[in-house]
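Colleague: Structure below; questions to follow.
The values are calculated or read from the model by the stated rules, or taken from the named source; none is laboratory data. Source: prediction; values computed, not measured. Cβ coordinates were reconstructed from backbone atoms using ideal geometry, including for glycine residues, and neighbour counts include every protein chain displayed.
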Amino acid sequence: MADAATSAVLHRSLHREFPRLIGGDGSYLLLEDGRRILDAAGGAAVACIGHGDARVHEAINKQLKKISYCSSLFYTTDVCEQLCQELVDSTHGAMKRAYIVNSGSEAMEAAMKLSRQFFLEKSPPEPNRTRFIARQHSYHGTTLGSLSMGGHVVRRAKFEPMLLDCISRVSRCFPSRDKPADETNEAYVSRLAEELDGEFQRVGPDTVCAFVAEPVVGAALGCVPAVPGYLKAMRSVCDKHGALLILDEVMCGMGRTGFMHAWEQEGVPPDIQTLGKCLGGGYQPIAGLLASSKVVDVFMKGSGSFAHGHTYQGHPITCAAALEVQKIIREEKLIQNAAQMGDLLSASLYSLLADHPNVGDIRGRGLFWGIEFVADKSTNSPFPSSADVAMKIGELGLTEPYRIAVYPSSGTADGVNGDHIIIAPPYNTTSAEVEKIATTVARLVKDYFSSKK
Ligand code: PLP
């Protein structure tokens with residue numbers, strides 16, 4: 001444990017003692033006290049090929065010996081070119097260029113500025129387009145622009161007076177909480193599409209750059225996939241008003257849902273797509289965006305330059321790491337494995353936990369599963385956030401006899417109440433590990449709630 005009182009680190013919590021990690025190997029984390037923890041979450045769904053991969057280490061070392069840094073203002077590198085090509089190819093023609101930065105928040109900032117500049121470059125230009133429509137209770141990052149984009153009530157609260165006012169919000173797509181039982185998916189989607197259309201009309205359709213959404217909502221709500229037909233309906237509202245569609249795949253993308261891109265499952269490619277966590281699998285801090293021909297071609301015919309940049313954009317070491325991670329995923333067919341293991345994981349979680357009186361919902365896709373906890377199953381009423389249920393389950397998980405890491409969130413993005421944990425093992429996990437994750441999580445959840453009786 002790091003001593004909370006004397007540590008020099010400005011930790012997220014200055015009162016908490018953080019367990020100190022000294023190693024990672026495959027699906028396991030090693031703590032300084034000797035505990036080996038089964039990593040069922042990869043941090044925040046990041047470690048998609050597990051820890052300590054020798055091929056990635058080698059790729060990083062090789063690149064370090066060639067060139068460790070170059071400014072993207074003046075140069076490019078083989079690794080940056082190859083990574084961007086690999087990413088573009090993975091969309092089978094849907095996307096034309098990639099832009100590499102270091103965090104999901106930076107990717108979202110870049111997406112906002114790229115779409116604004118798109119309308120300035122367009123012929124004829126549409127300079128009045130300065131607004132965005134996003135969704136309530138969403139999370140798109142922590143920098144002021146990306147925080148402004150999100151509707152995460154708790155994370156915004158302290159900074160509210162500093163946030164951008166060019167963003168408005170429509171309802172989330174959260175069927176288990178917001179769709180009455182007697183409403184069909186089709187009717188629910190139509191209702192949400194009408195609401196989006198209404199919001200375009202309210203703010204002025206020719207003032208909106210883009211609608212922004214996560215195809216499968218990650219941290220904000222806990223692995224909530226959009227209902228079938230949702231993305232298509234939102235796309236057509238955007239098209240009707242000449243606005244772009246930005247999909248935030250920072251958490252759900254790059255294979256996490258059993259598809260390379262979460263939008264593939266719905267067959268609805270966006271105009272701009274952000275990428276993050278599973279791009280580099282945590283081996284380096286890397287994120288990025290993909291832009292479609294529609295966007296890129298306008299820049300090609302226009303100024304030919306995107307007025308945005310970072311010192312460490314397209315950094316060769318981060319690119320080398322991500323390129324190797326992506327090659328491993330492709331060569332070892334890990335997305336197929338993620339889909340198969342995801343089926344196993346979801347079946348086991350349902351069979352072990354669906355009937356539990358405090359499990360309100362189990363939802364997700366691929367190797368991206370959320371378990372929502374409720375105080376009363378018959379009314380679906382959540383625990384108060386102050387009870388810290390998910391955090392306590394997460395902490396208990398690290399102890400004997402469980403020794404498992406999940407990703408907990410106490411207090412959902414609506415700023416009211418609610419808890420969930422996310423389970424997101426590496427794509428190369430085995431069926432034995434998946435069974436172990438499901439049985440250990442089930443035991444952890446049951447033990448936690450029975451100790452509260
Ligand atoms: N977008 C989504 C959907 C995320 O889940 C996150 C981070 O959790 C971000 C953006 C921001 O990414 P980062 O934390 O790398 O800045």
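Colleague: Take the residues in region 101-136 that are part of a loop (DSSP other than H, G, I, E, B) and within 12 Å of the ligand (Cβ to nearest atom), then tell me which one is farthest from Thr318 (Cα to Cα). Explain how you work it out, then say what you get.
Modeller: First, pick out the residues of region 101-136 that are part of a loop (DSSP other than H, G, I, E, B): 102-103, 122-130, 136.
Checking which are within 12 Å of the ligand (Cβ to nearest atom) leaves us with 102-103.
Values: Asn102: 8, Ser103: 11 Å.
By that ranking, first place goes to Ser103.
Colleague: Would you pick out the residues in region 282-307 that are away from the ligand (no atom under 13 Å from the Cβ) and in a loop (DSSP other than H, G, I, E, B)?
Modeller: To start, the set of residues in region 282-307 that are away from the ligand (no atom under 13 Å from the Cβ) comprises 283, 290-307.
Within region 282-307, Tyr283, Ser292, Gly302, Ser303, Gly304, Ser305, Phe306, Ala307 meet the criteria.
Colleague: Can you pull out the residues in region 244-264 that are closer than 20 Å to Gly151 by Cα and more than 12 Å from the ligand (Cβ to nearest atom)? Outline the logic, then answer.
Modeller: First pass over region 244-264, keeping only residues closer than 20 Å to Gly151 by Cα: 244-252.
Selection gives Leu244, Leu245.
Colleague: Just give me the residues in region 265-276 being under 19 Å from Val189 (Cβ atoms) and either more than 16 Å from the ligand (Cβ to nearest atom) or hydrophobic (A, V, I, L, M, F, W, C) (or both), in sequence order. Steps first, please.
Modeller: Step one: filter region 265-276 for residues under 19 Å from Val189 (Cβ atoms), giving 265-270.
Listed by number, the residues that qualify are Gln265, Glu266, Gly267, Val268, Pro269.
Colleague: Assuming Lys179 fulfils every condition listed in (1) loosely packed, with under 15 Cβ neighbours inside 10 Å; (2) at pLDDT 95 or above; (3) not aromatic (Phe, Trp, Tyr) apart from one, which condition is it?
Modeller: (1)
Colleague: What strands (runs of 3 or more DSSP E) completely inside region 344-453 contain at least 3 residues that are closer than 30 Å to Trp263 by Cα and modelled with pLDDT of 95 or more? Reasoning before the result, please.
Modeller: Details: elements: 359-365, 368-373, 407-410, 419-423.
Of the strands (runs of 3 or more DSSP E) lying wholly inside region 344-453, those with at least 3 residues that are closer than 30 Å to Trp263 by Cα and modelled with pLDDT of 95 or more span 359-365, 368-373, 419-423.
Colleague: Among the residues of region 154-173, count how many are surrounded by fewer than 22 Cβ atoms within 10 Å (Cβ to Cβ) and within 23 Å of Lys277 (Cα to Cα).
Modeller: So the answer is 3.
Yes or no, residue by residue, for (1) within 30 Å of Ala405 (Cα to Cα); (2) in contact with a helix residue (DSSP H, G or I) (Cβ under 7 Å, 6 or more places away or on another chain); (3) of a type outside the set (Val, Ile, Thr); (4) surrounded by 14 or more Cβ atoms within 10 Å (Cβ to Cβ):
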site	(1), (2), (3), (4)
Asp33	yes, no, yes, no
Ala40	yes, yes, yes, yes
Val46	yes, yes, no, yes
Ile49	yes, yes, no, yes
Cys70	no, yes, yes, yes
Phe74	no, no, yes, no
Cys80	no, yes, yes, yes
Gln85	no, no, yes, no
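Colleague: Out of Val88, Val46, Val9, which single residue is within 16 Å of the ligand (Cβ to nearest atom) and either over 21 Å from Gly282 (Cβ atoms) or out of contact with any Leu (no Cβ under 9 Å at 6 or more places or on another chain) (or both)? So that I can check it myself, show each step before the final result.
Modeller: Details: Val88 fails: within 16 Å of the ligand (Cβ to nearest atom); Val9 fails: within 16 Å of the ligand (Cβ to nearest atom).
Sole residue among the options that is within 16 Å of the ligand (Cβ to nearest atom) and either over 21 Å from Gly282 (Cβ atoms) or out of contact with any Leu (no Cβ under 9 Å at 6 or more places or on another chain) (or both): Val46.
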